[in-house]
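To start, the structure under review is shown below, and the notes come after it.
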Amino acid sequence: MHNIEKIIEIAMEMLSQFTQQYNDVFKKNHIKVLEAFRNNQVTDECFRGSTGYSYNDSGREVLNKVYAQIFKGEAALVSSHFASGTHTIYTGLNSLVNIGDKILVIAGNPYDTLYKAFTDKNSFINKRNIDLDILALNNSLRLDIDGFKRRNLTDYKLVLLQRSKGYSLRPSISIDEIKEVAFILKEKTPNTILFVDNCYGEFVEEREPLEVGADVIAGSLIKNPGGTLVSSGGYLIGSEKLVNMIADNFTVPGIGQEIGAVDGTTLRLMFQGLYLAPKAVEEAFYSSLYASLLFEALGYGTYPKSWDKRTDVVQAIAFKDKAKLIKFCQLIQAHSPVDSFVQPIPWLMPGYDHEVIMASGSFISGSSSELSADGPIREPYAAYLQGGISFHYSKYALDNIIKYF
């Protein structure tokens with residue numbers, strides 16, 4: 001029988017020690033965002049929105065500039081018309097490769113929905129005869145740097161790196177590791193594109209992938225950079241040349257980012273969500289860390305461990321029991337502000353090969369910036385916890401949930 005009150009007390013004591021370690025990074029990320037708003041002269045005119053073709057939408061143009069400055073890119077394509085993170089990433093990749101090109105995916109298989117898109121008969125991979133190579137992880141479930149070095153990297157038009165773990169238990173990829181990959185790649189083949197799926201990693205470390213050699217990054221606005229306010233969308237940031245290529249494919253060649261209407265309320269929330277994002281990420285980060293401390297004390301495997309260096313907001317908890325995974329997600333739902341009375345059940349979601357259970361009693365449907373948990377119904381029956389608008393909301397939920405484990 002666990003002493004729940006004692007576990008909570010010790011977890012909070014340990015968490016207070018970690019906050020001293022991480023708070024400086026979160027402070028710097030707040031300042032970075034504010035300075036981008038100031039430097040690009042955001043005004044209330046930026047929130048007016050547009051209709052029709054939306055030529056000369058100053059709000060859309062300024063938002064792209066703010067994103068580009070924050071993430072250290074030459075240009076950005078930020079749009080509420082991206083349907084998901086997978087859609088955003090797929091659009092970027094689809095825009096940058098041609099018939100007969102080769103793509104190398106490192107860090108093992110990409111996330112389930114993207115992998116299924118790649119293997120679909122109608123994907124650009126199959127229609128253009130793109131060679132897709134996947135470099136498996138090493139025996140320690142980390143990037144196989146030696147294997148990467150042995151590859152003939154000049155053969156590849158693009159290297160894809162997924163920063164977060166997806167539905168696996170591997171460590172997420174740190175900025176230092178991305179820097180090492182970029183150095184090796186650019187030394188051998190400067191023109192090969194390093195494309196980083198940045199989902200869940202924004203504002204967790206002091207630097208972002210473009211600052212250490214990546215050419216393009218992509219992510220979802222219902223994750224970190226949306227600050228829990230944006231209802232849909234995604235971003236792609238990088239060199240002006242590559243972003244323009246993506247924009248031409250996203251709309252039509254020769255027009256690119258010159259069109260794309262967005263209503264004023266949505267546009268304002270895209271600015272406001274970005275402004276709040278560093279704080280939302282901070283709250284989610286400490287929520288995940290706290291969950292790790294609690295479930296470690298209960299004897300469950302946590303990935304990352306509480307003492308590991310963190311580079312995203314995802315916390316995996318391996319229950320190794322189907323019923324416990326389902327129970328955990330149902331309890332997260334029960335402690336949510338929206339649909340708390342609803343009991344999620346596993347189902348075969350579009351884009352997945354296994355049934356998945358998802359708990360997200362959130363204001364934005366499927367938002368991973370709000371407290372949520374999900375996981376595939378397969379071994380090791382791990383739940384992937386992320387988000388948390390407020391640490392105190394997350395703590396209240398987790399303190400009650402651990403009583404059942």
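With Cα atoms defining each centre, segment 164-226 and segment 48-122 are spaced 14 Å apart in the structure. Specify whether the C-alpha gyration tensor of segment 269-385 places it in the rounded, prolate or oblate class, a ≥ b ≥ c being the square roots of the eigenvalues: rounded for a/c under 1.5, otherwise prolate if a/b is larger than b/c and oblate if not. Note, shape of segment 269-385 comes out oblate. Look at the dipole of the chain built from charges on Cβ: of Phe124, Phe26, Phe82, the Cα furthest out on the positive end belongs to Phe124. Distance between the 7 Å Cα→Cβ label points at Thr43 and Tyr396: 4.2 nm. Relative to the Cα centre, the charge distribution of segment 58-191, modelled as +1 at Lys and Arg Cβ and -1 at Asp and Glu Cβ, gives a dipole magnitude of about 100 debye.
Could you please tell me the mean projected area of the C-alpha convex hull for the chain, averaged over all directions and given in square nanometres to one decimal? Spell out each step's value before the answer.
On the way: hull surface 77.0 nm².
Spelled out: convex hull of the Cα atoms, projected over all directions, averaged, 19.2 nm².
In this structure, Phe183 and Gln21 have a Cβ-Cβ separation that, at R0 = 30 Å, corresponds to a calculated FRET efficiency of about 0.65. The magnitude of the dipole of segment 34-274, with charges of +1 and -1 set on the Cβ of Lys/Arg and Asp/Glu and taken from the Cα centre, is near 500 debye. Protection proxy ranking, highest mean first, for peptides 222-230, 386-394, 24-32, 200-208: 222-230, 200-208, 386-394, 24-32, where packing is the per-residue count of other beta-carbon atoms within 10 Å, averaged. In terms of surrounding Cβ atoms within a 10 Å radius of their Cβ, Phe319, Phe82, Phe18, Phe183 rank from fewest to most as Phe183, Phe18, Phe319, Phe82. For segment 34-274, the Kirkwood hydrodynamic radius from C-alpha pairs, put into Stokes-Einstein at 20 °C and a viscosity of 1.002 mPa s, yields a diffusion coefficient of 117 µm² per second.
State log₁₀ I(q)/I(0) for segment 92-190 at q = 0.18 Å⁻¹ as given by the Debye formula over alpha-carbon point scatterers of equal weight, solvent excluded. For segment 92-190, the Cα-only Debye profile gives -0.88. Considering only Pro337, Val230, Thr311, the residue lying farthest towards the positive end of the dipole of the chain is Thr311, judged by Cα position with unit charges set on Cβ. Note that segment 1-97, at 37 °C in a medium of 0.692 mPa s, gets a Stokes-Einstein diffusion coefficient of 189 µm²/s from its Kirkwood radius over C-alpha pairs.
Placing a label point 7 Å from the Cα of Lys320 along the Cα-to-Cβ direction, the residues of segment 151-185 with a backbone N closer than 16 Å are 169. Helix 322-334 sits at what angle to the longest principal axis of the chain, using alpha carbons and giving 0 to 90 degrees rounded to 10? Relative to the chain, helix 322-334 is tipped by roughly 80 degrees. Taken about its Cα centre, the chain carries a charge dipole of about 480 debye when Lys and Arg each add +1 at the Cβ and Asp and Glu each add -1 at the Cβ.
Rank Asn139, Ile389, Asn249 by how far each Cα sits towards the positive end of the charge dipole of the chain (+1 on Lys, Arg Cβ; -1 on Asp, Glu Cβ) and give me just the farthest. About the Cα centre, the residue reaching furthest to the positive side is Asn139. Sorting Asp57, Asp133 by the number of Cβ atoms found within 10 Å of their own Cβ, with the fewest placed first, yields Asp133, Asp57. Structure remark: mean-square fluctuation, Gaussian network model of the chain, C-alpha springs under 10 Å; the largest value among Ala83, Ala359, Ala383 belongs to Ala83. Placing dummy labels 7 Å off each Cα toward the beta-carbon, the span from Asn138 to Glu211 is 2.6 nm. Decide, for segment 124-249, between rounded, prolate and oblate: order the square roots of the alpha carbon gyration tensor eigenvalues as a ≥ b ≥ c, take rounded if a/c falls under 1.5, and otherwise choose prolate if a/b is larger than b/c, else oblate. In terms of gyration-tensor shape, oblate.
All of the numbers you see were taken from the coordinates with simple rules; none came from a lab. Everything numeric here is computed off the predicted structure, so don't read it as measured data. For neighbour counting, all protein chains shown are included, and Cβ atoms are generated from backbone atoms with ideal geometry for every residue, glycine included.
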